[in-house]
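Here's the structure, in structure tokens; my notes come after.
The values are calculated or read from the model by the stated rules, or taken from the named source; none is laboratory data. Everything numeric in this text was worked out from a predicted model, so none of it was measured. Positions of Cβ are generated from backbone atoms using ideal geometry, with glycine treated the same way; all protein chains shown enter the neighbour counts. Just so you know, the surface numbers come from the protein's heavy atoms only, side chains and all, with ligands and any DNA or RNA stripped out. Shrake-Rupley method; radii C 1.70, N 1.55, O 1.52, S 1.80 Å.
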Amino acid sequence: MTLLQLTLAIIKPHAVKNPVSLEGIRNTIISSNFKIVRSKRKHITLEEAELFYEEHRRKFFYNRLITFMSSGESDLYILAKDNAIKDWRALMGPTKVYKAQFEAPNSIRGKYGLSDTRNATHGSDSLETAKKEIGIFFPDFKYDKWFLNEEQQFRIGHLRFLADKFMHFVDV
């Protein structure tokens with residue numbers, strides 16, 4: 001038995017503001033068989049953006065990135081699936097939008113990205129990063145407890161999906 005993976009997905013402010021982009025990205029998530037464990041819309045604070053992008057602090061794009069990420073509401077999701085990290089990153093496409101538009105035009109970034117900063121989405125790059133990033137934006141989410149109490153229900157599909165909350169719930 002293989003446990004599901006969890007990953008953090010962020011739909012960035014410019015995509016949340018555009019109903020066509022947001023619907024397209026959400027439809028891609030659902031049609032790719034991801035389960036949405038948690039979902040919320042949040043205006044990321046400058047302090048949260050600084051913490052989240054700490055590893056990029058010395059890079060030339062850092063200020064542009066944190067300013068953009070704190071410029072409006074983002075959608076934040078905890079996604080579950082076999083190989084969630086790899087599959088979500090593949091759906092997103094290359095980080096650089098120009099590259100995505102030519103090499104993966106049907107990817108999320110190829111379709112909805114505007115620039116390298118405004119590339120529509122973020123996804124965790126490893127299990128360790130996913131756990132850390134989920135903790136930043138979902139501080140009440142008990143990662144290890146979810147695997148003990150809910151993972152099996154998500155894996156076998158005893159769920160119901162509420163579109164208005166854009167989230168799956170265990171169907172008991």
message: On a full-extension model of 0.36 nm per residue, what is the gain between K40 and N63, subtracting their alpha-carbon distance, rounded to one decimal in nm?
response: 5.8 nm
task: Provide the net charge surrounding I30, with neighbours chosen by a C-beta distance below 14 Å and charges set as Lys +1, Arg +1, Asp -1, Glu -1.
output: +1
Helix-only CD estimate at 222 nm, as mean residue ellipticity for the chain, using -39500 (n - 2.57) per DSSP H run (n ≥ 4): -12000 deg cm²/dmol
message: Projecting each Cα onto the charge dipole of the chain (Lys/Arg +1, Asp/Glu -1 at the beta carbon, about the Cα centre), which of A15, S115, W88 comes out farthest on the positive side?
response: S115
- prompt: To the nearest 20 debye, what charge dipole does the range 1-123 have about its Cα centre, counting +1 at the Cβ of each Lys and Arg and -1 at the Cβ of each Asp and Glu?
  reply: 160
query: Which of the pairs K40/K111; K59/K96; K17/K165; K40/K142; K17/K142; K86/K132 have their Cα atoms more than 20 Å apart in this structure?
result: K40/K111; K17/K142
- request: Would you mind getting the accessible area per residue of the chain, heavy atoms of the protein chains only, 1.4 Å probe, in Å²?
  value: 54
message: If I stretch the segment between K99 and N33 completely, what's the gain in nm (0.36 nm per residue apart, minus their alpha carbon distance), one decimal?
response: 21.2 nm
task: Hey, could you grab the Kirkwood Rh for the range 112-172? Inverse mean 1/r over distinct alpha carbon pairs, Å, one decimal.
output: 14.0
message: Starting from the 7 Å offset along Cα-to-Cβ, what nm value, one decimal, do you get for the label separation of Y143 and K131?
response: 0.5
- prompt: To the nearest 10 square angstrom, what accessible area does S31 show with a 1.4 Å probe?
  reply: 90
field: Protein accessible area in the chain, 1.4 Å probe - carbon and sulfur %
entry: 51
